[in-house]
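Novice: I am attaching a structure below and will ask some questions about it afterwards.
The values are calculated or read from the model by the stated rules, or taken from the named source; none is laboratory data. Please read these numbers as outputs of a predicted model, since none were measured by experiment. As a convention, Cβ positions derive from the backbone with ideal geometry for all residues, glycine included, and neighbour counts pool all protein chains shown. Calculation scope for accessible area: heavy atoms of the full protein, side chains included, ligands and nucleic acids excluded. Shrake-Rupley method; radii C 1.70, N 1.55, O 1.52, S 1.80 Å.
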Amino acid sequence: MTETTDIATIVTNNPVAVLVDPKTYDDFLAHIRAETDAFVPDLSTVTSRKKITSLAFKITRPKTAIDDAGKELNSAARAQIGKVDE
């Protein structure tokens, strides 16, 4: 596997890693930037517009997983703070 495949797999399997490990965050961000920078859209063709949609969906899935993981981490932290406050 290549490094970019590894980072995509890491984020898919453990989205929390992006939030708690700066190196994983940097690697994932570089991976996303490389994919988007390499893509050259052509709005005049249906095929290219479909590729734009596909790329957007491909980026949205891990972003949503990372957002959900962040909400879960916040919820767990608030629960612990609540116990301390009690």
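Novice: If a residue has to be open to solvent by less than 60 Å² (accessible area, probe 1.4 Å) and modelled with pLDDT of 90 or more to count, how many in the range 43-62 make the cut?
Specialist: Total meeting the criteria: 5.
Novice: Residues 42, 27: which one is of a type in the set (Asp, Glu), in a helix (DSSP H, G or I) and either under 27 Å from residue 17 (Cα atoms) or more than 11 Å from the chain's Cα centre (by Cα) (or both)?
Specialist: Result: 27 is the single residue among 42, 27 that is of a type in the set (Asp, Glu), in a helix (DSSP H, G or I) and either under 27 Å from residue 17 (Cα atoms) or more than 11 Å from the chain's Cα centre (by Cα) (or both).
Novice: Kindly indicate which of 17, 76, 65 is touching a residue at least 40 places away in the same chain (Cβ under 8 Å), hydrophobic (A, V, I, L, M, F, W, C) and either assigned to a helix (DSSP H, G or I) or open to solvent by less than 50 Å² (accessible area, probe 1.4 Å) (or both). Even if it seems obvious, please write down each step before you answer.
Specialist: Numbers: 17 fails: touching a residue at least 40 places away in the same chain (Cβ under 8 Å); 76 fails: touching a residue at least 40 places away in the same chain (Cβ under 8 Å).
65 is the lone residue from the list that is touching a residue at least 40 places away in the same chain (Cβ under 8 Å), hydrophobic (A, V, I, L, M, F, W, C) and either assigned to a helix (DSSP H, G or I) or open to solvent by less than 50 Å² (accessible area, probe 1.4 Å) (or both).
Yes/no matrix, rows are residues, columns are (1) out of contact with any helix residue (DSSP H, G or I) (no Cβ under 8 Å at 6 or more places or on another chain); (2) closer than 17 Å to residue 7 by Cα:
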{"site": "22", "(1), (2)": "yes, yes"}
{"site": "32", "(1), (2)": "no, yes"}
{"site": "42", "(1), (2)": "no, no"}
{"site": "45", "(1), (2)": "yes, no"}
{"site": "52", "(1), (2)": "yes, no"}
{"site": "59", "(1), (2)": "no, yes"}
{"site": "63", "(1), (2)": "yes, yes"}
